[in-house]
Amino acid sequence: CIQWLLEHTRAVIINSIEPNDYEYFCEIFKFGHTVFCKDLIEACLRELNVMQTDDATQLNLFRKLDFYCLKTIASSESILKVSELSIFKLLSHWCKSDLDRRACHIEPLLSQVQYCLIDKDSLTGSVFDWVVNISGIDEHTRLRLLIKVKDGIKNTWSIPTNRCRSYTLDKEIEQKSVLQRISDCLKNGDTSYNGNITPEELQDVIEHKFKLADNSTRMCILQYISKKEKSTDCTLR
């Protein structure tokens with residue numbers, strides 16, 4: 001019965017979501033999770049990209065969502081146009097709006113935030129303060145969240161604005177391109193070890209890809225750096 005309903009009403013429901021109709025959005029988003037309809041969930045996530053989520057009045061309208069909706073938002077890569085700071089505000093405001101019942105959800109939700117996409121001023125200010133001062137969580141949980149915020153401060157991209165998750169996706173594509181050029185350069189025996197790779201691109205890959213890379217990728221990067229340095233020394237001589 002539910003499958004029949006989905007097949008015959010899916011398009012109508014998806015197309016009926018109006019911009020900034022928060023109440024209807026919340027109902028459809030919850031319904032999508034209830035019946036496990038990926039199309040509805042994805043449609044709601046796309047709609048969230050164009051909804052206003054910054055001020056307290058707008059954030060209050062998301063209180064009717066349940067944990068499963070918030071978990072989807074926290075982990076989604078489909079929300080490409082909402083800043084990571086706005087996602088943090090949405091998640092933290094939802095938890096705090098009913099703290100007695102939602103304190104247990106703070107760590108599962110906030111641990112999914114990509115803190116490196118939030119500007120340092122916000123991380124060291126409002127985000128840090130919220131984690132330090134929020135009640136209802138044990139100190140071990142607080143410490144784990146503070147470590148994530150601290151890692152975000154250390155690894156934040158060097159652009160003084162709040163970024164969306166599309167920035168991470170674009171960066172990932174860019175870094176993969178640099179790694180491919182490094183590999184091609186080594187395979188082709190490029191004696192200059194340049195490969196049209198700028199010092200900034202190389203530094204970016206070292207800072208954000210080296211630690212997470214597999215052993216072969218690490219060796220490739222190290223080999224490139226070593227041969228590039230030798231090539232530079234020979235040129236200077």
Please give every one of the lysines within straight-line cross-link reach of Lys227, meaning a C-alpha to C-alpha distance under 19 Å, and leave out same-chain neighbours fewer than 8 residues apart. Lys187
Compute the relative contact order of region 39-171 as a whole-number percentage, counting only Cα pairs closer than 8 Å that sit 6 or more residues apart in sequence. 29 percent
Considering only Cα-Cα distances, which of the following residue pairs are longer than 32 Å: Lys96/Lys150; Lys30/Lys176; Lys150/Lys228? Lys30/Lys176; Lys150/Lys228
The aspartates and glutamates whose Cα lies under 17 Å from the Cα of Lys89, excluding any fewer than 8 residues away in the same chain, are Asp54, Asp55, Asp66, Asp98, Glu107, Asp119, Asp121, Asp129
Step through the residues of region 59-71 one at a time and calculate ³J(HN,Hα) from phi using the Karplus curve (6.51 cos²θ - 1.76 cosθ + 1.60, θ = phi - 60°), rounding each to whole Hz and writing x for Gly and Pro. 5, 4, 6, 8, 4, 6, 5, 9, 4, 5, 5, 5, 5
Accessible area per residue, 1.4 Å probe, Å², for region 30-86: what's the number? 49 Å²
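The values are calculated or read from the model by the stated rules, or taken from the named source; none is laboratory data. Nothing here was measured: the structure is a model prediction, and the numbers come from that model. Only protein heavy atoms, including side chains, enter the accessible area calculation; ligands, DNA and RNA are left aside. Shrake-Rupley method; radii C 1.70, N 1.55, O 1.52, S 1.80 Å.
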